[in-house]
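Q: Sharing a structure with you now.
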Amino acid sequence: MVLDSMVDGSHEQVTYVSDPETGLRAIVAIHDTTLGPSLGGTRFLDYDTEADALDDVLGLSRAMTYKAAAADLPLGGGKAVILGDPDEHKTDALLGAYGRAIENLGGRYVTSVDVNTGVTDMDVVARETDHVVGTSNGLGDPSPITAHGVYHGICASAEHILGTDTPGDLEVVVQGLGKVGRALAEELVSAGAEVTVSDVDEDHVASFVDEHGVDSVAPEAVYEQSCDVFAPCAVGGVVNDDTIPQLECDIVAGSANNVLAERRHAEALRERGLFYAPDYVINAGGLMTVAEEYQGGSRKAAYEDAAAIGNRLGEMIEIAERQDTTVLDAAEEYAIRRIERAGSGDEPAVAAE
């Protein structure tokens with residue numbers, strides 16, 4: 001099953017890791033290293049089944065390849081998942097064992113923060129391997145920079161679709177108040193946008209509402225909430241056959257990875273007259289941050305890179321309009337051409353250090 005899935009997704013390598021002493025159970029997926037070493041975060045989740053974990057890591061690693069290529073970064077795509085409840089299973093010993101496993105991959109995969117892993121966790125991993133970014137000795141938590149890029153992606157989408165370059169004109173529903181979703185909602189509030197928030201964690205919602213005086217909507221009603229922009233910032237797959245008919249927005253633009261349940265849903269949104277900003281284009285700020293760290297850059301430079309995401313999205317919108325296709329098609333074409341040029345020797349690729 002694993003080999004078939006790898007072939008179907010064009011993955012180069014999938015590594016299963018087990019350490020009985022610490023309870024570590026992990027999967028590392030390397031999708032493509034044509035442009036450089038694969039880089040992607042490690043998420044720590046209590047998956048229902050091992051098959052669910054494999055599907056997640058395969059899809060996420062493939063998305064990282066396109067994200068890096070579309071962002072003009074000298075990196076490939078990879079991802080890792082650690083299976084288990086982080087509240088019960090995450091220990092320094094387990095993270096150390098995980099770091100040793102990353103070291104054994106010889107630099108083909110560079111890891112960083114993701115769902116349920118943070119800067120302090122990467123500090124532990126860094127005791128065992130140099131192939132890690134997002135540590136306290138580096139550029140720190142990339143979440144605010146990811147949110148900054150999504151913010152500029154929303155602004156570019158609104159200028160194209162709604163004819164306004166003023167965030168204060170926008171009504172935005174933010175689904176998910178994790179590290180990135182909360183930072184995005186705060187930036188939108190600061191810019192004067194009318195923000196409504198939603199999260200399965202009622203405490204997260206209550207604290208944000210109390211602090212910022214915004215409205216909230218129940219998770220089960222979030223899709224039918226009328227707004228200009230629906231910003232999914234929690235889990236993937238939320239734009240699907242069931243939710244697309246419910247959407248009462250003009251634009252779908254958020255930070256969550258793999259927002260579309262299936263690729264065909266980009267066209268389904270287009271048929272409804274809804275604009276979709278590809279998630280891996282506008283949420284690339286986090287990857288830009290760790291790429292800057294990996295290459296010895298600065299946090300300021302990462303913020304500048306993220307701010308330029310709006311311009312990059314605008315270019316892809318123009319391509320899509322000329323070709324009468326979705327922006328997702330335009331973004332994928334751009335990324336594939338970069339990889340093909342590097343594979344043929346027309347564009348330099350960066351070797352793992």
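The values are calculated or read from the model by the stated rules, or taken from the named source; none is laboratory data. From a predicted model like this one, the values you see are computed outputs, not experimental measurements. Every residue, glycine among them, receives a Cβ derived from its backbone with ideal geometry; neighbour counts consider all protein chains shown.
Q: Could you tell me which numbered condition Val2 fails, if it satisfies all but one of (1) aliphatic (A, V, I, L, M); (2) modelled with pLDDT under 95; (3) over 23 Å from Gly236 (Cα atoms)?
A: Answer for Val2: the failing condition is (3).
Q: Please state which of the following conditions Tyr16 fails to meet, knowing it meets all the rest: (1) farther than 19 Å from Gly236 by Cβ; (2) of a type in the set (Phe, Trp, Tyr); (3) touching a helix residue (DSSP H, G or I) at 6+ places or on another chain (Cβ under 7 Å).
A: (3)
Q: Still on this structure, I have one more. Give the residue, chosen from Ser157, Ser143, that is surrounded by 24 or more Cβ atoms within 10 Å (Cβ to Cβ) and touching a residue at least 40 places away in the same chain (Cβ under 8 Å). First the steps, then the outcome.
A: On the way: Ser143 fails: surrounded by 24 or more Cβ atoms within 10 Å (Cβ to Cβ).
On inspection, the qualifying residue turns out to be Ser157.
Q: Among the helices (runs of 4 or more DSSP H) confined wholly to the range 240-332, which include 3 or more residues that are touching a strand residue (DSSP E or B) at 6+ places or on another chain (Cβ under 9 Å) and either within 25 Å of Glu194 (Cβ to Cβ) or among the hydrophobic types (A, V, I, L, M, F, W, C) (or both)? Give the steps one after another, and end with the answer.
A: Working: elements: 265-271, 279-282, 285-294, 299-307, 309-323.
Because the criterion is at least 3 residues that are touching a strand residue (DSSP E or B) at 6+ places or on another chain (Cβ under 9 Å) and either within 25 Å of Glu194 (Cβ to Cβ) or among the hydrophobic types (A, V, I, L, M, F, W, C) (or both), the helices (runs of 4 or more DSSP H) in the range 240-332 that meet it are 265-271, 285-294.
Q: Taking the conditions exactly as written (free of Cβ contacts under 8 Å to residues at least 40 places away in the same chain and surrounded by 17 or more Cβ atoms within 10 Å (Cβ to Cβ)), does His265 satisfy them or not? I'd like the intermediate steps shown before the answer.
A: Numbers: free of Cβ contacts under 8 Å to residues at least 40 places away in the same chain: yes; surrounded by 17 or more Cβ atoms within 10 Å (Cβ to Cβ): yes.
The answer is yes for His265.
Q: Now, a different point. Under 6 Å between Cβ atoms, at least 6 apart or on separate chains: pull out the pairs that start in the range 234-250 with a residue that is closer than 27 Å to Arg43 by Cα and end on any residue that is among the small types (Gly, Ala, Ser) and buried (at least 18 other Cβ atoms within 10 Å of the Cβ).
A: Going by the 6 Å Cβ cut-off, the qualifying pairs are Ala234/Gly176; Ala234/Ala256; Gly236/Ala256.
Q: Can we say Gly192 is at pLDDT 95 or above and at positive phi?
A: Details: at pLDDT 95 or above: yes; at positive phi: yes.
The answer is yes for Gly192.
Q: Looking for something modelled with pLDDT under 95 and hydrophobic (A, V, I, L, M, F, W, C) - is there at least one such residue anywhere in the range 102-113? So that I can check it myself, show each step before the final result.
A: Initially, the range 102-113 is screened for residues modelled with pLDDT under 95, giving 112-113.
After this cut, where a residue has to be hydrophobic (A, V, I, L, M, F, W, C) as well, the list is 113.
The answer is yes; a qualifying residue exists.
Q: Something else now. Since Ala342 meets every condition but one in (1) under 15 Å from Tyr66 (Cα atoms); (2) assigned by TED's automatic domain parsing to the domain that holds Gly153; (3) surrounded by fewer than 23 Cβ atoms within 10 Å (Cβ to Cβ), which condition does it not meet?
A: Here Ala342 meets the rest and fails (2).
Q: Okay, next question. Quick check on the range 1-12: of everything there that is touching a His at 6+ places or on another chain (Cβ under 9 Å) and not in a loop (DSSP other than H, G, I, E, B), which residue is farthest from Glu292 (Cα to Cα)? Lay out the reasoning, then the answer.
A: Just the residues of the range 1-12 that are touching a His at 6+ places or on another chain (Cβ under 9 Å), to begin with: 5, 9-12.
With the extra rule that they be not in a loop (DSSP other than H, G, I, E, B), the set shrinks to 5, 9.
Numbers: Ser5: 32, Gly9: 28 Å.
Only one residue fits best here, namely Ser5.
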